[in-house]
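For reference, the structure is listed below as structure tokens.
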Amino acid sequence: MSDLPHPRRPRYAGKNPRHFDLKYKEQRSDPLTLAKVLEAGKTPAGTHRPILVAEILELLHPAPGEKFVDATLGHGGHTSALLPRLAPGGELLALDLDPIEQPKTAARLRAAGFGEDRLHVRLSNYAGIGKALAELGWNGAHGILADLGLSSMQIDDPSRGFSVKFDGPLDMRINPQRGLSAQEFLATCDAATLADVLIENADEPLAPLLAEALAGKKCVTTTDLRALIGAALAHRPPDLLAPTVRRVFQAIRIAVNQEFSSLDAFLRVLPFCLLPGGRVAILSFHSGEDRRVKKAFQNGVREGLYADTNREVIRPTAAEQQSNPRSTPAKLRWAIRSTDFPG
């Protein structure tokens, strides 16, 4: 036996460490710590809390033997709720573009007993749904779900560069192996283009001012970007800073990941990926997404592609918003594919 002392695990100072990599109790799923974090209305580090689960299950009503698609796998919360209702005989195709989180989620679901005969996981975003269905030999799905929001695991990890709260590299790519990072995007963007991005992606009222201050600048970290925004708003009311920072981060993230073009492509092929009478539900988190989903569903009804869609958007209950504040901006829309489907 070795005489070397047993190494102690690192201890963080205080009760509430701010740095993601120090929250080892949460990330190692310590039950007591997890319970305390959830009771406080927060999301444990490295996890994600699915939104509007009961409402989605009621709308999509998955049944045994059906084929479903979760077009945005994330942490797997919605998939975990859908899969048991598809048994026996049902299958689910799960898509996710994040090469960091997707394998972790797939491993958890496999460990929970969902084998390859029931769950098919692909590294793809929702725009690739048609190709993924074809590869499986499916001619359509009975139900499709897409949760367009970022997962908490992505937001809370400073190394991904999404968070407005913590210092980290200014990356923001859902797939860090593809495309320009947010740092590279800002450095190569001109003011006119950036102003358009801020307006289109975040309805930013100060877009021209901010574009002049940010375009072509070197921002290595999220802190650098926050500082530049703060300097541009130096002579404005202080309460403008926080919401402006959030909108700028949102707009740049959408541009870097080409989220709107991907969503538009997804919405175009969506009705052709549903079986007659098939159901689709889409969760969006800001006006740019919701406008696109609403318009696509309404146009689809007029063209006979969909039989129906909701007139009023569905939102989380007050109780869900209180227990999970990140659910607050969520909007849920649904549509049903026509049984008398042209083409």
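Can you give the translational diffusion coefficient of the chain in µm²/s, computed by Stokes-Einstein from the Kirkwood radius over Cα pairs at 20 °C and 1.002 mPa s? Stokes-Einstein gives a translational diffusion coefficient of 99 µm²/s.
Net charge dipole, segment 109-148: roughly 40 debye, given to the nearest 20, about the Cα centre with Cβ charges of +1 for Lys and Arg and -1 for Asp and Glu.
If we count every other residue with Cβ under 10 angstrom of S327's Cβ, Lys/Arg +1 and Asp/Glu -1, where does the sum land? Net charge in that neighbourhood comes out at +2. Of all the options G65, G74, G113, the one that moves most in a Gaussian network model of the chain with Cα springs shorter than 10 angstrom is G113. With the convex hull drawn around the C-alpha atoms of segment 239-343, the volume per residue stands at 119 Å³.
Model label sites at R291 and A307, defined 7 Å from Cα along the beta-carbon direction, differ in position by 3.2 nm.
Charge tally around P316: other residues with Cβ under 12 Å, Lys/Arg +1 each, Asp/Glu -1 each, net +2.
For an R0 of 41 angstrom, estimate the FRET efficiency from the Cβ-Cβ distance between R85 and L180 and round to the nearest 0.05. With R0 = 41 Å, the Cβ-Cβ based efficiency is 0.50. Of interest is the spacing of the C-alpha centroids, which for segment 178-233 and segment 243-303 amounts to 23 Å. Applying a DSSP loop filter and a limit of 13 other Cβ atoms within 10 Å to the GluC sites (Glu not before Pro) in segment 285-343 leaves E303, E312. Working from Cα pairs under 8 Å separated by at least six residues, relative contact order for the chain is 16 percent.
Which FRET efficiency, nearest 0.05, do S323 and K165 yield, Cβ-Cβ r, R0 25 Å? For S323 and K165, the calculated efficiency is 0.75.
Expressed per residue, the C-alpha convex hull volume of segment 197-300 stands at 116 Å³. Separation of segment 130-151 from segment 70-107 is 11 Å, based on Cα centroids.
As a rough guide to protection, the peptides 156-162, 205-211 ranked by mean Cβ packing within 10 Å, highest first, stand as 156-162, 205-211. Note: relative contact order over segment 176-256, using C-alpha pairs below 8 Å and six or more positions apart, is 39 percent. Within segment 176-256, the percentage of alpha carbon pairs spaced more than 20 angstrom apart rounds to 21%.
When restricted to Cα atoms, segment 260-307 yields an Rg and a Dmax of 10.6, 30 Å, respectively. A cut-off under 14 angstrom between Cβ atoms defines the neighbours of L305, and their net charge, with Lys, Arg +1 and Asp, Glu -1, is +2. Under a model in which nothing but the beta-carbon of Lys, Arg (+1) and Asp, Glu (-1) is charged, the chain shows a dipole of about 740 debye around its Cα centre.
Between D264 and Q298, the C-beta separation translates, for a Förster distance of 22 Å, into a calculated FRET efficiency of about 0.90.
Coordinate-derived values only; no laboratory data. In this text, all values refer to a predicted model and were calculated from it rather than measured experimentally. All Cβ positions, even for glycine, are placed from backbone atoms using ideal geometry, and neighbour counts span all protein chains on display.
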